[in-house]
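As structure tokens, the structure follows; a few thoughts come after it.
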């Protein structure tokens, strides 16, 4: 390969990356705009919600105006948008009046819980789906395959919130082995080890619900790949040589299925986030999903905007990075 | 699988082991809903419970004993001038802020001026002309007009702020550091875990008004079932709001349960600028509905009682001792009344006006969905076409008075000092009656507010009760029952008219302090 | 199978005036028995009746939303196929980026905004699902447009619409049907989730909504007849769709 060819491929690679960045930025801008306008179309406003308690007294007009200004909902829409965008560009997501905390702090408190669920579920469903899928795909059409695939088909037909509710019903209410809600017990321990155990115990049900939801997708993928691989000469050859099953699994199937999994993983992130939001709401788990849901019910514009933009920006950036890595790998190969 | 089970068993035993010795065991109170915000006036969540918890930390000038009677708070004495426009209060010299500084009349005067600049939604200072500290101990309030509810309303509700902390805060809505919770109440906030809705409060050892009963109070968030289980295990002591239908479970397990009607009624409001502008129409609707059946269907476990129609509910100290009209289900009478109003029954027994079928648009708060559905079914069975819309509170708040609706089911408080009833009757809030009528109710309320003696005030309020039941600005449907379960570490009871601003509760701070 | 489903649905719609009204009664939370085959809910409404009313609502909404999604995807893909390389690239990149956004964010937002009824829900779900199909639809279209019969017909002076109608659409119909089925599945899942969160018009009786009502009764035996029937109905419906997708040779798996 000549030096010129490398430079050209490098340039197209950089161009593709820039293009990707631009497109994602455009979508982010759409989100920013939508997130500002949509909540203001909702009937009701945060001041109304704040004062809708039965015990609030009849405030005078000037008292109301003062409160409105404090909550960032005074002035025309354009003024509000300008002020908000200015803050946003400076990295300030605003201040949630209902929670009496900066939005960034709230997000920082919730994000670890959501990540715990996602990162806890991911290895579970990826490994199990790979193992089950390869097992079924190697003998496609066999009894194991038919039984398992039938089961997974039914599993794939159960919506994630139903799985979550059934898990909660079965393992937290009827047979209360696990806590039904929250991320920590009422009195969390001070000791690190016990505390970690408590967190793990509370995370098991939501993580299981999430893993079950994603399991089917990767099971089908692994099964399909494995079914093709089984008939490829190098695999047949390896089997004939009497390779140990572990090595066969890891080096022949695993290594070939991995790239497909990675590619699909980046597609599945948005579905994963959708599922985690619902699951958090079902289990009253203190993550981003519950935060956003609460913000919608409270009409907490600032929080809603901040949380949505943060999630969107995070996902877009992640997706861009994965893409860039993929392009880079492909370019090098 | 075996391994998993063993691990779980070990985990469960480790996690269940009690951590604290019995001697200084905190009194643990459960709350079903999570976070109530920081316990300081400007940053607590905007609901009654958050206000109640904040009152553990912040005292007012006037306080209540466990029966709800007014007793000295930060002010140990108070007098009102003959014309009712000047109040003199003597502050308790023993009162201290949680940081040790004395509570002075200057703090109180500062609170009035500060809250006038930074409105606090739970107290309106519109009637206060001036608040001045004559000396460290002597506070003088000048009113714009006479207010019969000054002591039992405003001064009971208004938390006094420490001047040395709040005077430097220009935006108290953003002031949520621990210092914001420096009050003068019996307990001070030592820990607040927002994510888990958990509060730890410690007794204020120098409390000026007797001794706090417990060294530590904890408020934790738990579902009802978890709470019942924890009560049985001795992990919690009080379940602050136990669904009444579960009272049997708690009693069977040997715990004490106190229950009372909340006075936080569910009602049907009317669009007074529409079909129901005439009182006869409202009475017709009242007879057309079977309130007893609504109760029977929606309250199978004793969750509610039939509401009194004259605004004040049974048990209220403001209520006159007469039975209100019950508007017992009488479709025949309802039909007569409607026909007198010019409505006719058309084909298939549907009500018509000027030959056009009558469709009632019924809005309801999503929380009242079940009652709304039953009301809809009853009205349809009676011959109205009903367009039921369940909405969120925020969306309902956006529907103006006289807007596109006929009926509106909501819940609202009828408890607390009557000085703000006027806003609940003629106010524009979605769960107010939005009623003006011929102005008589308003006049009575104004006279009640201007009364010179408590007896005169009561006379006016009884007249209000009689007229309200007749005019039906809203039709009161049900009065939900509230229950609290507790063990024998505390004595609890519901205050007859709610605590402070009328919050129906058995865990007012008076229960946690020896007088 | 599809015909059986359609016939059953039609029967339910036709029979609706004959069905008993879904009324509250004093028989609150009665267990399944002779009087109420599937028991009653917390205001004495018959669960079986509710299920029968909810079925056409849920299914019709899914069919309509899937139609919206598939049609939008096809139109956008068509525009991309007809446009030049730059425009096509821009469209595709935008679609890719849209795909990164979790649909739940938009759905939560708009669900709260208008608590959509049947038509609104179909439109909303359709318009938040289409972008997932654009790439597939575009690949199909381009493959067909490049086939010899189309190129030959164009060469012979046939109009674009003629080619589209006579050659392209018939050729991609099986693949479209598979896309359509996929969409039904996606949309049903999302609609049920939305109803479950209480963000659809509460008067619109759907399986997801019935499950939401059942959530308060998880701690009593009533969940048996309140939660399970709608959950089973939902799962059965999704299973049928999944089996249809699998049996379709042109179907690509989700």
Can you name the residue in the range A:296-318 that is modelled with pLDDT under 80 and within 10 Å of chain C (Cβ to nearest Cβ) and, of all such residues, is farthest from the chain's Cα centre (by Cα)?
A:299
Which of the following residues is touching a strand residue (DSSP E or B) at 6+ places or on another chain (Cβ under 9 Å) and not in a helix (DSSP H, G or I): A:182, A:242?
A:182
Answer yes or no: is there a residue in the range C:15-22 that is at pLDDT 85 or above and either surrounded by 12 or more Cβ atoms within 10 Å (Cβ to Cβ) or on the phi > 0 side of the Ramachandran plot (or both).
yes
Looking at A:199, A:173, A:194, can you tell me which residue is touching a residue at least 60 places away in the same chain (Cβ under 8 Å) and either surrounded by fewer than 18 Cβ atoms within 10 Å (Cβ to Cβ) or within 12 Å of chain B (Cβ to nearest Cβ) (or both)?
A:199
Go through the range C:139-159 residue by residue and tally those that are under 21 Å from residue C:91 (Cβ atoms) and touching a helix residue (DSSP H, G or I) at 6+ places or on another chain (Cβ under 8 Å).
5
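Yes or no, residue by residue, for (1) surrounded by fewer than 17 Cβ atoms within 10 Å (Cβ to Cβ); (2) within 26 Å of the chain's Cα centre (by Cα); (3) not in a strand (DSSP E or B):
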residue	(1), (2), (3)
B:376	no, no, yes
B:387	yes, no, no
B:400	yes, yes, yes
B:404	yes, no, yes
B:410	no, yes, no
B:419	no, yes, yes
B:423	no, yes, yes
B:436	yes, yes, yes
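Yes/no matrix, rows are residues, columns are (1) surrounded by fewer than 16 Cβ atoms within 10 Å (Cβ to Cβ); (2) at pLDDT below 90; (3) out of contact with any helix residue (DSSP H, G or I) (no Cβ under 6 Å at 6 or more places or on another chain):
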position	(1), (2), (3)
B:326	yes, no, yes
B:334	no, no, no
B:343	no, no, yes
B:346	yes, yes, yes
B:352	yes, no, yes
B:358	no, no, yes
Residue list for the range B:195-207, filter: farther than 17 Å from residue B:513 by Cα and either surrounded by 20 or more Cβ atoms within 10 Å (Cβ to Cβ) or more than 12 Å from every other protein chain (Cβ to nearest Cβ) (or both)
B:197, B:198, B:199
Residue in the range C:42-54 that is away from chain B (no Cβ under 14 Å), crowded, with 19+ Cβ neighbours inside 10 Å and within 17 Å of the chain's Cα centre (by Cα) present:
yes
Hey, can you tell me all the residues within the range A:16-41 that are more than 10 Å from chain C (Cβ to nearest Cβ) and free of Cβ contacts under 8 Å to residues at least 60 places away in the same chain?
A:18, A:29, A:33, A:37
Given the conditions (1) buried (at least 21 other Cβ atoms within 10 Å of the Cβ); (2) within 12 Å of chain A (Cβ to nearest Cβ); (3) within 30 Å of residue C:169 (Cα to Cα), and given that residue C:101 satisfies all but one, which numbered condition is not satisfied?
(3)
Could you count how many residues in the range B:121-133 are more than 9 Å from chain A (Cβ to nearest Cβ) and either in a loop (DSSP other than H, G, I, E, B) or at pLDDT below 90 (or both)?
1
Pairs, please: C-beta under 7 Å, at least 6 apart or cross-chain, first residue closer than 14 Å to residue A:165 by Cβ and in the range C:196-211, second at pLDDT 90 or above and assigned to a loop (DSSP other than H, G, I, E, B)?
C:211/C:227
Out of A:26, A:34, A:83, I need the residue that is in contact with a helix residue (DSSP H, G or I) (Cβ under 8 Å, 6 or more places away or on another chain), surrounded by fewer than 16 Cβ atoms within 10 Å (Cβ to Cβ) and modelled with pLDDT of 80 or more. Which one?
A:26
Would you mind stating whether residue A:292 is within 14 Å of chain C (Cβ to nearest Cβ), buried (at least 20 other Cβ atoms within 10 Å of the Cβ) and either farther than 19 Å from residue A:122 by Cα or free of Cβ contacts under 8 Å to residues at least 24 places away in the same chain (or both)?
yes
Would you confirm whether or not the range B:445-459 contains a residue that is more than 17 Å from residue B:152 (Cα to Cα), crowded, with 21+ Cβ neighbours inside 10 Å and away from chain A (no Cβ under 14 Å)?
no
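The values are calculated or read from the model by the stated rules, or taken from the named source; none is laboratory data. Note that the coordinates shown come from a computational prediction; the quantities given were computed from them, not determined experimentally. Here the Cβ is made from the backbone with ideal geometry for all residues, glycine too, and neighbour counts use every protein chain on show.
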